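Report on one structure; see the data block that follows.
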């Protein structure tokens, strides 16, 4: 018998936002003729509380300015209107192959020229230098700079 597959594949969406804060007066006015204002008086001056019970469901309240998903959708709409979401694919021109051939031919010409100028046994050393230089340059271009 196969294992049971849960009915709901995706978990319910989380709603993020700022929670409501209760403020109380910490600093009392200096002793004077006026009595300190109580928190109840300040609450009456502020007016009625907009929401006293937390929302029972996962759905955000309509028009909630602290709904993160709504703010992200607004940002996405502004980005779409300004054209910031359009991606331009450009072909990048690499000069690695040209650089490889210039270095290979130039370096080998220098080594061969030195070998021909000095002549004799130096010609064999120049041939060895050409081989080592060519192999080393090819390895560096292949490994470090990517396939040319």
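Quick note: the coordinates plus some simple rules give every number you see, no bench work behind them. Since we're looking at a predicted model, the values are computed, not measured. Every residue, glycine among them, receives a Cβ derived from its backbone with ideal geometry; neighbour counts consider all protein chains shown.
Annotations for the structure displayed:
- Among residues that are more than 22 Å from residue 94 (Cα to Cα) and out of contact with any helix residue (DSSP H, G or I) (no Cβ under 9 Å at 6 or more places or on another chain), residue 116 is not included.
- Scanning the range 77-104 for residues that are surrounded by 10 or more Cβ atoms within 10 Å (Cβ to Cβ) and within 26 Å of residue 142 (Cβ to Cβ) returns 94, 96, 97, 98, 99, 100, 101, 102, 103, 104.
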